[in-house]
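Report on the structure given below.
The values are calculated or read from the model by the stated rules, or taken from the named source; none is laboratory data. All values reported here derive from a predicted model rather than from experimental measurement. Here Cβ is always computed from backbone atoms with ideal geometry, including for glycine, and neighbour counts include all displayed protein chains. SASA here: full protein model, heavy atoms, side chains in, ligands and nucleic acids out. Shrake-Rupley method; radii C 1.70, N 1.55, O 1.52, S 1.80 Å.
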Amino acid sequence: MRAVAKITILSLVLIMVFGLASTDNAEAAKYNWKIALEEIEGSVQHEWALEFKERLAEKSDGEINIDIYPYGALGSSSDISDQTINGIIEFAFSTPSWFATTIPEAGLFSLHYLWSNNMEVNKEVMANSDAIYNDLSGIYNDKGLKLLTVFHEGWQIWTSNKKITEPADFKGVKIRVMGDPVLIETYKEYGANAVRMSYSEVYSGLQLNQIDAQVQPYFANQEMKFYEQQEYLTEAKQLPFITGVIINKDFFDGLPKEYQNMITETATNMTDYIFELQAELNKERLDMMLEDKPSLEVVKLTEEQQAAFEKRAKNVWESYREDVGEEGSEILDKLIKEIEAAEEKYGE
């Protein structure tokens, strides 16, 4: 109870201190809600939040205003997840990996080589998956949350000072990962030393040689300047960076039905918008990094090279199934079938 009280007090103080979040329409609005990001201004999440805010304001004739809090304004990723669970903020971005310790089933979003090489396939599944929005979402509900939407922000890119083309190249490499047990075990399978570290500490961690490598989409590597401390950018197509938007369930359930529908429909209808935006942003940011640091080398693994990593990663799939039991395995199997069906439609 003391821990919850401490989180609550700290969060309220932060909200008052950082009341400078976008509040232009707050006075005229009937509803004033908060959304916290895991990324800084100018990121994919920030662009999504701005568009979500604008669309809801328009659909509600100005009755809904959303204040946007970039990364760090209200604490770390785990902080904003806790604040959403406790009803301090209404919406938050939450990479499913952060929930894998309390919702082990969410670890399926961290399984390497689960998703298609065709991003159109991944977009389709993440927008419409029954495994995600029915089965997995029900587990989120049990934690007091509603899983509003899931989408990807581009491929996860390995950055390092050592060229990595096969698992043996990871031997002895200290790579920063989120606290998800699936990610930790996967990089151990590759031979790396997985290091848990806050997102805000990654740059200094690279600078001080506390870590040798890390993994983020291109846009994040550019905006957080991680590339300044690295020599290689490696595309292994092992995993898209998947993020989710969560809502406090009591808050959502207490809204009039028309506002519930407005929120869910708005999020669903933003699928194409955010898919196109992330692609543009990642290309733009890669070009910026290469222009700023011409010595950077982009390494694109061949299918044969990817297969060597995939073989190791599949060992973690089995560990995941053991951890989540029958229900979690059934969710994974359903998701696999959904991905395969989408590949038949769009191609691998």
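It is to be established whether one or more residues within region 48-70 are in contact (Cβ under 8 Å) with a residue 40 or more places away in the chain and at positive phi.
No, because not a single residue in region 48-70 is in contact (Cβ under 8 Å) with a residue 40 or more places away in the chain and at positive phi.
Would you please name the residue that is most open to solvent (accessible area, probe 1.4 Å), looking only at residues in region 229-283 that are basic (Lys, Arg) and within 29 Å of Ile164 (Cβ to Cβ)?
Among those that are basic (Lys, Arg) and within 29 Å of Ile164 (Cβ to Cβ), it is Lys283.
Suppose we filter region 132-178 for residues that are under 23 Å from Thr84 (Cα atoms) and among the polar types (S, T, N, Q); how many remain?
4
Yes or no: Glu41 touching a residue at least 12 places away in the same chain (Cβ under 8 Å), part of a loop (DSSP other than H, G, I, E, B) and surrounded by fewer than 22 Cβ atoms within 10 Å (Cβ to Cβ)?
Yes; evaluated as a whole, the condition is true for this residue.
Table: residues versus (1) at pLDDT below 95; (2) in contact with a Leu (Cβ under 6 Å, 6 or more places away or on another chain); (3) closer than 28 Å to Asp135 by Cα.
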| position | (1), (2), (3) |
| --- | --- |
| Met1 | yes, no, no |
| Val17 | yes, no, no |
| Trp33 | no, no, yes |
| Ile64 | no, yes, no |
| Ala73 | yes, no, no |
| Ala100 | yes, no, yes |
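What helices (runs of 4 or more DSSP H) lie completely within region 245-348 and have 3 or more residues being out of contact with any strand residue (DSSP E or B) (no Cβ under 7 Å at 6 or more places or on another chain) and among the basic types (Lys, Arg)?
Correct list: 303-346.
Among the residues that make up region 331-346, is at least one of them farther than 14 Å from Gly107 by Cα, surrounded by 13 or more Cβ atoms within 10 Å (Cβ to Cβ) and modelled with pLDDT under 95?
yes
Quick check on my filter: what residues within region 305-330 are basic (Lys, Arg), in contact (Cβ under 8 Å) with a residue 40 or more places away in the chain and surrounded by fewer than 17 Cβ atoms within 10 Å (Cβ to Cβ)?
Hit for region 305-330 is Lys314, nothing else.
For residues that are hydrophobic (A, V, I, L, M, F, W, C), open to solvent by less than 10 Å² (accessible area, probe 1.4 Å) and in a helix (DSSP H, G or I), scanning just region 51-98, find the one that is nearest to Met224 (Cα to Cα).
Ranking the qualifying residues of region 51-98, first place goes to Ile80.
Here is a list of conditions, (1) open to solvent by less than 10 Å² (accessible area, probe 1.4 Å); (2) more than 17 Å from the chain's Cα centre (by Cα); (3) at pLDDT below 95, and Gly107 meets all of them except one; can you say which number that is?
(2)
Residue by residue, here is whether (1) of a type in the set (Phe, Trp, Tyr); (2) under 26 Å from Tyr69 (Cα atoms); (3) in contact with a Cys (Cβ under 6 Å, 6 or more places away or on another chain); (4) in contact (Cβ under 8 Å) with a residue 40 or more places away in the chain holds:
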| site | (1), (2), (3), (4) |
| --- | --- |
| Glu231 | no, no, no, yes |
| Ala236 | no, no, no, yes |
| Leu239 | no, no, no, yes |
| Ile274 | no, yes, no, yes |
| Glu303 | no, no, no, no |
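Determine which member of the set Thr302, Thr243, Thr234 is of a type in the set (Val, Ile, Thr) and in contact with a helix residue (DSSP H, G or I) (Cβ under 7 Å, 6 or more places away or on another chain).
Going through Thr302, Thr243, Thr234 in turn, just one is of a type in the set (Val, Ile, Thr) and in contact with a helix residue (DSSP H, G or I) (Cβ under 7 Å, 6 or more places away or on another chain): Thr243.
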